[in-house]
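Just so you know, all these numbers are worked out from the coordinates, no wet-lab data involved. Since we're looking at a predicted model, the values are computed, not measured. A quick note on method: Cβ atoms are made from the backbone with ideal geometry, for glycine too, and the neighbour counts reach across all protein chains shown.
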């Protein structure tokens, strides 16, 4: 059982490292913020998640000293990565001229560029 757990932990570390490497390379190569947004979000959730799960396996099965800290970190990353991605996308949309955006599906203004009472686009959340 120990060899299988070590092999699984090693495979998870390799997969996690590959995702982190790919995510950082994509972050450096892609040209605009919305394209850059996907790569680090995926790298954080999958790459760090795999490495932390491998750490849990190693601590719980190999050393027989289970640790739940890694699970808490994985859950925190899974909860915060989409929120931070949403905030980065919202900031990018606020910097774009609304006339250059494609039309929204419902035919009204984009939610990020909805006019306030004076007819000016809102600049806040």
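Quick notes
- Kirkwood-Stokes translational diffusion coefficient of segment 2-82, alpha-carbon pairs, 20 °C, 1.002 mPa s, µm²/s: 161
- Least to most buried among 80, 100 (fewest other Cβ within 10 Å first): 100, 80
- The alpha carbon centroids of segment 62-85 and segment 7-29 are separated by 17 Å.
- Computed on segment 2-82, with alpha-carbon pairs under 8 angstrom and 6+ residues apart, the relative contact order is 35 percent.
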